[in-house]
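The values are calculated or read from the model by the stated rules, or taken from the named source; none is laboratory data. What you see is a predicted model; the values in this text were computed from it and never measured. Every residue, glycine among them, receives a Cβ derived from its backbone with ideal geometry; neighbour counts consider all protein chains shown. Accessible surface areas use protein heavy atoms only, side chains included; no ligands, DNA or RNA. Shrake-Rupley method; radii C 1.70, N 1.55, O 1.52, S 1.80 Å.
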Amino acid sequence: MRVAFGVLGPTVAESDGRALALKGPRHRAVLARLVVARRRVVPVTHLVGDLWTDPPPGAVGAVQTFVAALRRVLEPDRPSRAPARLLVTDGPGYALRPEPDAVDAWCFETAVGAAARLPATQALPRLEEALALWRGPAYAEFEEEYWARGERSRLAELRLQAVEQRARTQLDLGLAAEAVPDLDVHLAAHPWREDAWRLLALALYRQDRQGDALGVLRRARAVLADQLGVDPGPRLRRLEADILAQDPGLDPPAGPTATAARLWTRTAAAYDRTVAAGARARLETTVSLIRDLAVTGGGGLAAARQHRMEAIAAAEEFGDPDLTARVIGAYDVPAIWTRSDDPELARRIVEAAERALTASPGDAHEAARCRLLATIALETRGSRAPRGPQAAREAEEIARRLDDPALLAFALNGAFMQSFTRAGLAPRRDEIGAELVELAARHDLVTYEVLGHLIRLQARGALADFAAADRHAVAVDRLAERHELPLASVFTQWYRALRLAASGQPAGAETAYRDAAARLDGAGMPGLERGLLPLALLCLRVQHRRTWSDTDSGDTGPGPVEIDLGADWGPYRPWATPFALLASGRRAEARAALRALPEPPRDLMYEACCCLEAMVALEVGDRDVLERAHTRLLPAAGELAGAGSGLITLGPVEDHLADITTALRAPTSPVPPR
């Protein structure tokens, strides 16, 4: 169960859109106080002081009771003796360890920060998304609590800056009319903010409302004099002089960005007036927008996932399977990562696609059928069910028969997602990537050309051909910059961290991994992000048998592999747990955890998980696990373990196989991993 927390307004916790019952005000206070701490430990004694001015006898026990009640609400399925993973006990107190995108205040800060680094066309939707998170004053019910005051003030100021940043962005895009209403409301509540007065006056001037603009500046002068006893600052005075002089520098930007923004606004308004509200054409147009939204990254990708299922549900309400098939199939967004960002959404999409296939008449358009099958292949990524490979094969056959380049590219993406039935299939994926690059370049399918290069980057990395992988990384970056595809460079940044790890530069690789992880924050890809940094560092450390800090050179010599199970390991926690147990000397428990490991997922991390399993088995001398790992890894003997992900590596698979073979020949003398 994924829990999200809201503090931009009253404190709430939700799961799958359902509010969780947080009981009394002190329970909410404990939760809010832990959110304020931003994943750091809050000692129990501090919580007591925060909750009571004059703590009663038994206050510590009361705090423990509040925490226990919160844990039951936040992790209702946790076994009674299992350690908490969300609200954890750590040393002298407690810490709340949610995912980075699970707290609305953190998401708000990330979005605002990202917007400052983006071009105006991309920054505006990020700012709109960020400001929409606010439901009221931050930590609304804790206005009088001293521990909340600093955070409340900081977030409130950041929100005011975001409102003004949005207005500046609108003006940069030539959207002066859109900026005026929000600035009016903003200034009614915060009349001392001089930059907001300046922006409002400028927005009015750019609408040929010179008199209104000067009136705004006179109001600003009066408000500042009456409330603060000061004259307007130099920027306001300069703007007034420029307006009176009708300075050409005040005119709206005449560049292509502003022109495109105005064209978008006018076209959208015309479409809204012309096409009936309930028309099917609106639904299909909407899906096209959702598809384009997905490749913008960050909030765009997350919003696209949300609206995609809404569009499918709306199509099904018409009772027309052909329409539903078109709506489902129109979302042909290339996918490179083999773990779903939202497994529940993927399941619902597959079910809808299967319903559309069943309901379609026998003479249904083959292209629509191909798109439905390719969608099923994509959305069943990582599954062991036979339906995914079957759908991928059928979609590819139809696409080749129809000789439709865009359709074939979509089907090949599905074939790639289903090419993880065993280890050692990097050559097959390299073939898929090569065909995609050639096909997409010939038919101007830019996003699929990027996909093809990323697939080849992964495959050539798995085959230790880093010269070729480097060329594909350069091609991806070039295409991403030219066509404004920000998500693509996330993968090339991670690849370059992998290159450092593979070339024996562990300290530099660790720094690069941390930088790449920061880039992932807010990218809208939880299926990729969750657990990736801890896993990358684990692989780096077990491969080199060293520990490092953020600042040292890595020259510390062999040492134990330190594991922080308090980190967000996501789906990789089962493979980290045995290492943590070994590091603390609990070999019997490590062996039990090893035996309890699930089968590695059939995805880009398959070989890496198999090698991690084998490394623990070597430490504890588990022959059964070693034999199983040997069988699984043997087809990949010529590859670099994990490098097929384009993200991490554990060195040559043949080295792991050699260690396993040696251990199996001498069962009483476990061989430490290389």
Handout entry: Which of GLN418, VAL12, LEU445, positive extreme of dipole for the chain (C-beta unit charges)
Key = VAL12
Exercise for the section: First obtain the Kirkwood hydrodynamic radius of region 606-668 from its Cα pairs, then insert it into the Stokes-Einstein equation at 10 °C and 1.306 mPa s, and state the resulting D in µm² per second as a whole number. Expected result: 140
Problem - Debye intensity ratio in log₁₀ form over the Cα atoms of region 176-253, taken at each q of 0.24 Å⁻¹ - result: -1.14
Completion exercise
Computed ³J(HN,Hα) along region 624-637: with the Karplus parameters 6.51/-1.76/1.60, θ = phi - 60°, integer Hz and x for glycine or proline, the list is 4, 5, 4, 4, 5, 5, 4, 4, 5, 8, 3, x, 9, 4
Completion exercise
Toy charge model, Lys and Arg Cβ at +1, Asp and Glu Cβ at -1: region 176-253 dipole around Cα centroid in debye, rounded to 20, equals 200
Problem - Charge-dipole axis of region 253-396 as Lys and Arg at +1 and Asp and Glu at -1 on Cβ define it, positive-most pick from PHE318, HIS365, SER288 - result: SER288
Problem - Quarter of the Cα convex hull surface for region 120-257, i.e. its orientation-mean projected area (nm²) - result: 9.4
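Output the direction-averaged projected area (hull surface divided by four) of the convex hull of the alpha-carbon atoms of the chain, in nm².
For the Cα atoms of the chain, the hull's average projected area reads 35.4 nm².
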Practice task
Just the Kirkwood number for region 362-480, please: inverse of mean 1/r across all distinct Cα pairs, in Å, one decimal.
Solution key: 14.5
Fill in the blank from the handout: Of all DSSP beta bridges having both residues in the chain, the percent classed as antiparallel (nearest 5) is 90
Handout entry: Helix 25-36 axis, angle to the chain major axis (alpha carbon atoms, nearest 10°)
Key = 80
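Below 8 Å between Cα atoms, with a sequence gap of 6+, how large is the relative contact order for the chain in percent?
Value for the chain: 9 percent.
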Completion exercise
The rounded separation in angstrom of the Cα centers of region 467-500 and region 121-183 is 33
Fill in the blank from the handout: HN-Hα couplings for region 273-287 via Karplus (6.51, -1.76, 1.60; θ = phi - 60°), in whole Hz with x for Gly/Pro, come out as 6, 8, 8, 4, 4, x, 5, 5, 4, 4, 5, 5, 5, 4, 4
Fill in the blank from the handout: Karplus ³J(HN,Hα) for region 47-60 (6.51 cos²θ - 1.76 cosθ + 1.60, θ = phi - 60°; Hz, whole; x = Gly/Pro) runs 4, 4, x, 6, 8, 9, 5, 10, x, x, x, x, 5, 4
Exercise for the section: Please calculate how many Å² of accessible area the chain carries per residue, with a 1.4 Å probe and no DNA, RNA or ligand atoms counted. Expected result: 44
Practice task
Let me know the longest stretch in the chain that avoids all GluC sites (Glu not before Pro) found in a DSSP loop with at most 14 other C-beta atoms within 10 Å.
Solution key: 145-483
Exercise for the section: Using only alpha carbons, build the gyration tensor for region 263-418 and give me the equivalent ellipsoid semi-axes, biggest first, whole Å. Expected result: 26, 18, 15
Exercise for the section: Pull out the extension gain between LEU160 and GLU144, defined as 0.36 nm times the separation in residues minus the alpha carbon to alpha carbon distance; nm, one decimal. Expected result: 3.7 nm
Problem - For region 263-418: relative contact order, % (alpha-carbon pairs under 8 angstrom, 6 or more apart) - result: 19
Practice task
Can you find, among GLY300, LEU581, LEU228, the residue farthest towards the positive end of the dipole of the chain? Put +1 on the C-beta of Lys and Arg, -1 on that of Asp and Glu.
Solution key: LEU581
Problem - region 115-181, accessible surface, carbon-and-sulfur percent (1.4 angstrom probe) - result: 53
Completion exercise
Taking chymotrypsin sites (Phe, Trp or Tyr not before Pro) in a DSSP loop with at most 13 other Cβ atoms within 10 angstrom as exposed, one finds the longest site-free stretch of the chain at 193-674
Practice task
Quick one: which residues, 5+ away or cross-chain, put their amide H under 5 Å from the amide H of GLY9? H built at 1.01 Å from N.
Solution key: ARG135, GLY136, ALA138, TYR139, ALA140
